[in-house]
1. Within the stretch 116-137, how many residues are of a type in the set (D, E, K, R) and surrounded by 14 or more Cβ atoms within 10 Å (Cβ to Cβ)?
2. Quick check: anything in the stretch 136-159 in contact (Cβ under 8 Å) with a residue 40 or more places away in the chain, of a type in the set (S, T, N, Q) and either out of contact with any His (no Cβ under 7 Å at 6 or more places or on another chain) or not in a loop (DSSP other than H, G, I, E, B) (or both)?
3. Being assigned to a helix (DSSP H, G or I) and β-branched (Val, Ile, Thr) is the filter; apply it to the stretch 220-263 and report the residue that is farthest from Ile182 (Cα to Cα).
4. Can you work out which of the residues in the stretch 22-44 that are among the β-branched types (Val, Ile, Thr) and part of a helix (DSSP H, G or I) is farthest from Ala8 (Cα to Cα)?
5. Which of the residues that make up the stretch 274-291 are in a helix (DSSP H, G or I) and buried (at least 24 other Cβ atoms within 10 Å of the Cβ)?
6. From the residues in the stretch 190-228 that are of a type in the set (A, V, I, L, M) and more than 19 Å from Asp273 (Cβ to Cβ), which one is surrounded by the fewest Cβ atoms within 10 Å (Cβ to Cβ)?
7. With respect to Pro238, determine if the residue is touching a residue at least 24 places away in the same chain (Cβ under 8 Å) and surrounded by fewer than 24 Cβ atoms within 10 Å (Cβ to Cβ).
8. Restricted to the stretch 4-41, and to residues that are surrounded by fewer than 13 Cβ atoms within 10 Å (Cβ to Cβ) and either among the charged types (D, E, K, R) or within 43 Å of the chain's Cα centre (by Cα) (or both), which residue is farthest from Ser91 (Cα to Cα)?
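The values are calculated or read from the model by the stated rules, or taken from the named source; none is laboratory data. Everything quoted here is computed from the prediction, not taken from an experiment. A quick note on method: Cβ atoms are made from the backbone with ideal geometry, for glycine too, and the neighbour counts reach across all protein chains shown.
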Amino acid sequence: MASIKDVAAEAGVSVATVSRVLNDHPSVSADARARVLAAVGALGYRPNAVARSLRTDQTHTLGLVISDVLNPYFTELARSVEEEARALGYSVIIGNADERPELQDHHVRTLLDRRIDGLLVSPTDGGSPLMLDAARSGTPMVFVDRWIPGLDVPVVRADGRAAVRDLVAHLYGLGHRRLAIIAGPAATTTGSERVDAFREALRAYGLPLPDAYIGQGDFQAASGRRATEEFLDLAEPPEVVFAADNLMALGALDAVRARGLRVPDDIALAAFDDIPWFVHTDPPVTAIAQPTPELGRAAVRAVVDLIEGRPPQSVTLPAALVVRRSCGEPPPMDSAPMDSAPVNVTQRSNP
């Protein structure tokens with residue numbers, strides 16, 4: 001492997017000149033710069049990133065800890081983070097917490113030991129001492145999708161409350177009155193926030209949310225199936241199941257089919273977090289879509305701002321309701337329920 005001395009000899013310049021060219025220093029003549037770059041290309045020289053990081057105290061590396069790499073939402077988020085980071089000159093090391101706080105802490109500790117320049121995290125809960133220490137240590141950090149309340153850390157997230165209201169308005173307009181939710185873990189901000197938004201939206205229509213209609217999930221498909229089975233065993237099952245994430249919605253769909261029932265004829269289904277699969281299910285699933293690529297890009301820009309000394313910024317983007325056929329077909333205009341409240345539905349796709 002060629003060394004910086006080899007490049008200097010090939011170009012007929014000093015090692016210091018080669019270093020200045022590689023660091024894009026302006027005090028190098030155009031001729032010398034051209035000879036150095038030609039030598040770098042001819043010899044296949046690659047700078048020692050470790051040595052450079054020791055000199056500059058920067059690795060140009062970001063750490064990203066996501067909650068579940070198997071969840072298509074987080075897969076898309078990670079992809080957009082990596083693309084934006086690369087465009088800004090950073091590499092990304094990804095850790096998968098698998099919705100386990102201890103695994104999250106393992107990845108955070110490992111990333112900090114690797115001297116990353118900035119950290120992006122979607123926390124699995126709000127009680128990790130390591131996360132609290134990392135946030136208070138001065139490490140440039142941004143929370144993405146989820147956050148830990150009370151910490152002075154920028155948050156990049158989607159606001160789904162308006163989309164949840166649109167969903168409930170849509171369901172009410174279809175004549176549904178018994179609505180249930182499969183909630184995510186209460187220890188996560190997204191888990192608690194989506195239940196609160198759903199309850200608030202139901203209240204606007206005078207609809208209750210009994211405890212029996214709140215299924216406890218963990219953002220995994222198995223919990224969605226289990227909660228839906230419990231709903232179906234009730235003396236008065238709900239007319240609609242709203243799953244607070246996409247994997248729990250797929251589990252709910254499995255449970256309905258296992259009983260020999262059909263969506264939406266026997267029970268309607270909706271989900272938070274739209275994914276490409278929902279277009280291909282039978283029927284296609286109504287879902288709330290987050291602007292995932294935009295969230296990933298905004299999160300990278302936010303942490304790079306921190307790294308480069310600019311003021312930190314939180315970003316909140318709107319989510320949108322995507323209406324498909326899993327909740328039923330809209331009734332004819334002349335046969336809408338007399339007690340139906342006004343409906344304002346954002347319809348982006350209706351395969």
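1. The first filter runs over the stretch 116-137 and keeps only residues of a type in the set (D, E, K, R), leaving 117, 125, 133, 136.
From what is left, the residues that are surrounded by 14 or more Cβ atoms within 10 Å (Cβ to Cβ) are 117, 125.
The number of residues fulfilling the criteria is 2.
2. no
3. Within the stretch 220-263, the subset assigned to a helix (DSSP H, G or I) is 221-232, 246-258.
When the remaining residues are screened for being β-branched (Val, Ile, Thr), the result is 228, 256.
Working: Thr228: 8, Val256: 14 Å.
Filtering first and then ranking leaves Val256.
4. Here is the first cut: in the stretch 22-44, the residues among the β-branched types (Val, Ile, Thr) are 28, 36, 40.
Now restrict to residues that are part of a helix (DSSP H, G or I): 36, 40.
Numbers: Val36: 7, Val40: 9 Å.
Checking each candidate, the answer is Val40.
5. Going through the stretch 274-291, the residues in a helix (DSSP H, G or I) turn out to be 277-280.
Matches in the stretch 274-291: Phe278 only.
6. Applying the first criterion (of a type in the set (A, V, I, L, M)) to the stretch 190-228 yields 195, 197, 201-202, 204, 207, 209, 212, 214, 221-222, 227.
Those left that are additionally more than 19 Å from Asp273 (Cβ to Cβ): 202, 204, 207, 209, 212.
Values: Leu202: 21, Ala204: 12, Leu207: 16, Leu209: 17, Ala212: 14.
Checked the stretch 190-228; the qualifying residue surrounded by the fewest Cβ atoms within 10 Å (Cβ to Cβ) is Ala204.
7. When the stated conditions are applied, Pro238 passes them.
8. Within the stretch 4-41, the match that is farthest from Ser91 (Cα to Cα) is Asp31.
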